[in-house]
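Inspection log for the structure reproduced underneath, given as structure tokens.
The values are calculated or read from the model by the stated rules, or taken from the named source; none is laboratory data. This one's a predicted model, so the numbers in the text were calculated from it and none came from an experiment. Here the Cβ is made from the backbone with ideal geometry for all residues, glycine too, and neighbour counts use every protein chain on show. We work out accessible area using only protein heavy atoms, side chains counted, and drop any ligands, DNA or RNA first. Shrake-Rupley method; radii C 1.70, N 1.55, O 1.52, S 1.80 Å.
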Amino acid sequence: MATKLAIKGGKKTVPDGLMMEWPPVDQTDRDMILGSLDRREYTYGTNYKALEAEFAEWLGIDVPTVFCNSGTAALHMAVVACGCGVGDEVIAPAYTWPSSVTCCLHHNVIPVFVDVDWATINIDVDLIEAAITPRTKAIMAVHLHGLPVNMEAVCAIAKKHNLKVIEDCCQAHGATFKGQKVGSFGDCAAFSCNHNKVMCSGEGGFFVAANQQLLGLGKTLWYFGENRPPVEDGDFHTYGMGWMYRSTELVASFARAQLAKLDGFIDTIAENALCLHDLLADCPHLIRPFVPADTVTNWYNYTVRFDMDALGHADDPAAFRNRIVEALRAEGVQTGVWQGWPVPKMTVFQAKNGYGQGCPWSCQTESKPDYAMENFPIAQKHSDCHTGMTFPLRPPNGTELAKCVAEAYHKVLSNPGQI
Ligand SMILES: *Cc1c(COP(=O)(O)O)cnc(C)c1O
């Protein structure tokens with residue numbers, strides 16, 4: 001007799017209260033934050049400056065990083081540092097978080113989408129060259145779910161066509177390609193430290209530049225269009241379009257305390273993810289994440305796909321996937337559809353309603369990016385059949401929870417008739 005699924009009134013697989021909250025916070029975090037308060041440092045103080053240097057050291061680069069209030073802000077800084085201006089184009093994957101490309105719209109720059117590769121869910125590097133036009137300025141390489149893009153391929157194409165490379169590392173702290181950390185390949189990179197990411201300061205981000213010149217260009221956005229550190233004396237002067245992307249000393253203090261523990265967190269996540277990965281090897285109808293040779297993922301989001309052909313739901317994949325997710329949640333698994341839309345399908349692109357009056361698309365007439373969805377079949381297919389998991393694999397949780405999660409997957413997918 002088949003086991004009764006929890007959505008059908010059966011027993012829940014993952015006990016309530018087993019999953020612990022991310023991120024682990026201890027006395028080192030409290031001491032760091034209270035230290036700033038006790039020194040009456042609220043803006044760009046001791047911990048802020050130390051954090052910017054320590055993150056560069058952790059990344060293995062010589063240029064200091066810039067801590068800012070979000071990954072989105074850091075991406076915008078990268079677009080500007082790379083010289084992308086009105087009507088220029090940036091090539092980006094059709095499946096990512098919208099910030100990877102709305103950062104272009106902020107500067108009246110036009111995103112040009114390329115479909116993703118089914119196995120890795122990263123940009124299909126074989127499709128990049130065909131998307132290059134005389135207006136292309138940069139390639140946005142998004143290391144999605146913490147899995148590195150093939151940076152050798154991307155950098156070779158960029159070099160051949162004289163393009164800049166921006167790395168969206170918002171999900172990929174610590175991930176490596178051929179032994180080198182992502183964020184150290186491109187001209188610029190952006191990291192996020194929002195609550196979901198593997199490094200959390202509540203909100204926050206890092207802008208990373210390969211040299212001092214790019215750093216200075218990106219930094220003009222950080223502080224009202226100024227490009228000197230705010231502590232330097234002198235009259236304020238706006239050198240270009242400026243935003244206010246600086247964060248606060250207290251957030252930087254939290255980030256600094258978390259950075260000291262980041263490598264340990266990443267190790268634990270890998271241990272939990274590999275435990276789950278092994279236990280799901282023979283789970284029916286399930287397509288596990290793929291990690292190519294030469295790459296080390298940080299397992300930011302353990303994303304699985306369901307084989308809709310085998311399940312007999314090729315005609316209504318998203319609807320059936322949603323029912324599987326519901327069944328998994330009923331079993332106590334914290335899982336969800338991270339991104340159910342290919343980005344070009346979103347209204348801002350279909351309606352081309354960036355700054356209004358057709359901008360940035362009307363800012364040039366030489367090339368017209370095509371956002372027709374038939375160009376992005378893999379992004380659409382992935383959007384319809386995946387679900388992902390972040391917090392259950394994070395410390396302080398260990399493999400005990402991962403084992404329960406695996407059991408729930410087996411239970412649900414072995415009984416598709418009950419879904
Ligand atoms: C989280 C994320 C961002 C944006 O980071 P915020 O800090 O939330 O602004 C950008 N790109 C990707 C791929 C992300 O996952």
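Placing unit charges on the Cβ atoms of the charged side chains and taking the dipole of the chain about its Cα centre, the candidate lying farthest along the positive direction among C200, Q339, I33 is Q339.
When you work out D = kT/(6 pi eta Rh) for the chain at 4 °C and 1.567 mPa s, using the Kirkwood radius from C-alpha pairs as Rh and the Stokes-Einstein form, the result is 58 µm²/s. Each part gets one Cα centre, and for segment 366-419 versus segment 268-313 those centres are 9 Å apart.
Once each of the GluC sites (Glu not before Pro) sitting in a DSSP loop with at most 10 other beta-carbon atoms within 10 Å is removed, the chain keeps 22-231 as its longest stretch.
May I ask what percent, to the nearest 5, of DSSP beta bridges between residues of the chain are antiparallel?
Working: 22 of 38 bridges.
Here the share of antiparallel DSSP bridges comes out near 60 percent.
Of the residues Y245, Y300, the one with the largest accessible area comes first in the ranking Y245, Y300, computed with a 1.4 Å probe on protein heavy atoms. Pairwise inverse Cα distances across segment 200-341, averaged and inverted, put the Kirkwood hydrodynamic radius at 19.7 Å. Distance from the C-alpha centroid of segment 207-254 to that of segment 14-37: 30 Å, rounded to the whole angstrom.
Its Cα gyration tensor gives segment 219-303 an equivalent ellipsoid, and the semi-axes of that ellipsoid, as √(5λ) in whole Å with the largest first, are 44, 16, 10.
Given only helices, namely DSSP H runs of n ≥ 4 each adding -39500 (n - 2.57), what is the per-residue ellipticity at 222 nm of the chain, to the nearest 500 deg cm²/dmol? Don't skip to the end; give the middle numbers.
Values: 13 runs with 141 residues, N = 419.
Computed ellipticity for the chain at 222 nm equals -10000 deg cm²/dmol.
Ordered by solvent-accessible area of protein heavy atoms (1.4 Å probe), largest first, the residues W58, W118 come out as W118, W58. Placing unit charges on each Cβ (+1 for Lys and Arg, -1 for Asp and Glu) gives the chain a dipole about its Cα centre, and among A78, F391, H161 the Cα reaching farthest toward its positive end belongs to F391. Counting only heavy atoms of the protein chains and using a 1.4 Å probe, D233 has close to 140 Å² of accessible surface. Taking every protein chain into account, the accessible area of the chain amounts to 41 square angstrom per residue (probe 1.4 Å).
What does the charge dipole of the chain about its Cα centre add up to, to the nearest 20 debye, if the Cβ of each Lys and Arg holds +1 and the Cβ of each Asp and Glu holds -1?
Working: 33 positive and 46 negative charges, 132 e Å.
Using only the charged Cβ atoms, the result is roughly 640 debye.
With viscosity 0.692 mPa s and temperature 37 °C, the Kirkwood radius over alpha carbon pairs of segment 1-41 converts through Stokes-Einstein to a diffusion coefficient of 229 µm²/s.
Here the Karplus curve 6.51 cos²θ - 1.76 cosθ + 1.60, taken at θ = phi - 60°, turns the phi angles of segment 371-384 into couplings of 9, 5, 5, 5, 7, 10, x, 6, 4, 5, 4, 5, 3, 8 Hz, with x standing for Gly and Pro.
For segment 62-142, give the magnitude of the charge dipole about the Cα centre (Cβ charges: +1 Lys/Arg, -1 Asp/Glu; no others), in debye to the nearest 20. Here segment 62-142 has a charge dipole of around 340 debye. By a 1.4 Å probe calculation restricted to protein chains, L163 has an accessible surface near 20 Å², given to the nearest 10.
What do you get for Rg/Rh over segment 29-81 if you use C-alpha atoms and the Kirkwood form of Rh? Please list the in-between numbers first.
On the way: Rg = 13.0 Å, Rh = 12.5 Å.
Dividing the radius of gyration by the Kirkwood radius yields 1.04.
Magnitude of the charge dipole for segment 296-395, about its Cα centre and with charges confined to Cβ atoms of Lys, Arg (+1) and Asp, Glu (-1), is about 340 debye.
When Lys and Arg each count +1 and Asp and Glu each count -1, what net charge do the other residues less than 15 Å away from N69, Cβ to Cβ, add up to?
Numbers: positive: K197, K219, R246; negative: E52, E203, E249.
Its environment carries a net charge of 0.
Principal axis analysis of the Cα atoms in segment 184-229 yields extents of 31, 27, 12 Å, listed in decreasing size.
The HN-Hα couplings worked out from phi for segment 123-134 by the Karplus form 6.51 cos²θ - 1.76 cosθ + 1.60 (θ = phi - 60°) are 3, 7, 5, 6, 9, 5, 4, 5, 8, 6, 10, x Hz, whole numbers, x standing for Gly and Pro. A dipole drawn for the chain from +1 and -1 charges on Cβ atoms has a positive end, and of T176, T13, N353 the residue lying farthest that way is T13.
Under 5 Å between amide hydrogens, built in the peptide plane, is the criterion, and for S247 it picks out N69 among residues at least 5 positions away or on other chains. Of the residues Y409, Y44, Y223, ranked by 1.4 Å probe accessible area with the largest first, the sequence reads Y223, Y44, Y409.
Quick one: with all protein chains in place, what share of the accessible area of the chain is carbon or sulfur, to the nearest percent (1.4 Å probe)? After summing per-atom areas, the C and S share lands at 52 percent. Of the cross-linked pairs K159/K368; K137/K219; K137/K381; K160/K219, those separated by over 21 Å at the C-alpha level are K159/K368; K137/K381; K160/K219.
Across segment 29-43, coupling constants 3J(HN,Hα) worked out from phi with the 6.51/-1.76/1.60 Karplus curve, θ = phi - 60°, read 5, 4, 4, 5, 5, 5, x, 5, 4, 5, 7, 6, 9, 10, 10 Hz, and Gly and Pro carry x. Ligands, DNA and RNA excluded, the heavy atoms of F391 present near 40 Å² of accessible surface to a 1.4 Å solvent probe.
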